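Next up is a structure, given as structure tokens.
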Amino acid sequence: MREKHDGGAGPIDVRAWLRMLSCTMTIEKSLRRGFAEQYDTTLPRFDVMAALDRHPQGRTMGQLSRALLVSNGNVTAIVRQLQDAGQVVVSPDPEDRRSSIVRLSAAGQARFNVLAKAHHAWIHQALSDVAPDDLEQLHALLAKVKASIGENLHT
């Protein structure tokens, strides 16, 4: 696997960023291909379904876009596709009629369960040569990275 921009010989923070980016992009590319080829779906659709699976009571479009770090327009288009496929139900928010609540339908929940199982298997396969203790350590280190980013960047 090549490093993004060939890894460079720059400062360690830049090299670490490029290494994280290369890993992320490689896994994401594999996930996209797997979802497209084996399940005729997309990673963004899976991401929306995963966000809804974590909130069975439903989410507003705004909550979904914030959770997924994408624009409302992106979420709206994906929700429409999922609604057309019968995988989500969209209903007016009883507390704010200008807003809609999106939930997985029963068919959507069943479909998500299949997709999540494949997703977990692909991630497991990608990281199968890394020891569980190393993954725990990496997870802890990435928490520090995430905290630093949150503290030092305006997002």
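The values are calculated or read from the model by the stated rules, or taken from the named source; none is laboratory data. Predicted, not measured: the structure shown is a model, and the values here were computed from it. With ideal geometry, Cβ positions are generated from the backbone for all residues, glycine too; neighbour counts draw on all protein chains shown.
Any idea which of (1) within 28 Å of T26 (Cα to Cα); (2) within 18 Å of the chain's Cα centre (by Cα); (3) not in a loop (DSSP other than H, G, I, E, B) is the one R103 doesn't satisfy?
(1)
Separate question: Condition test on E95, is it within 30 Å of S128 (Cα to Cα), exposed (fewer than 15 other Cβ atoms within 10 Å of the Cβ) and not hydrophobic (A, V, I, L, M, F, W, C)?
Judged against the criteria, E95 is not a match.
Determine if segment 88-109 includes at least one residue that is under 30 Å from L141 (Cβ atoms) and charged (D, E, K, R).
The answer is no, given that none of the residues of segment 88-109 is under 30 Å from L141 (Cβ atoms) and charged (D, E, K, R).
If you don't mind, there's one more thing I want to ask. Look at segment 115-155 and say how many of its residues are touching a residue at least 60 places away in the same chain (Cβ under 8 Å) and either exposed (fewer than 11 other Cβ atoms within 10 Å of the Cβ) or farther than 25 Å from V70 by Cα (or both).
Result for segment 115-155: 1.
Where residues in segment 1-53 are modelled with pLDDT under 95 and among the acidic types (D, E), which of them is nearest to the chain's Cα centre (by Cα)?
E3
Among the residues in segment 56-63, are any at positive phi, without any contact (Cβ under 8 Å) to a residue 60 or more places away in the chain and touching a strand residue (DSSP E or B) at 6+ places or on another chain (Cβ under 8 Å)?
Yes, segment 56-63 has at least one match.
Take segment 21-37 and flag every residue that is of a type in the set (S, T, N, Q) and exposed (fewer than 12 other Cβ atoms within 10 Å of the Cβ).
Matches in segment 21-37: T24 only.
Being in a loop (DSSP other than H, G, I, E, B), farther than 25 Å from H124 by Cα and either among the charged types (D, E, K, R) or under 13 Å from the mean Cα position of the chain (by Cα) (or both) is the requirement here; does V70 meet it?
Yes: the conditions hold for V70.
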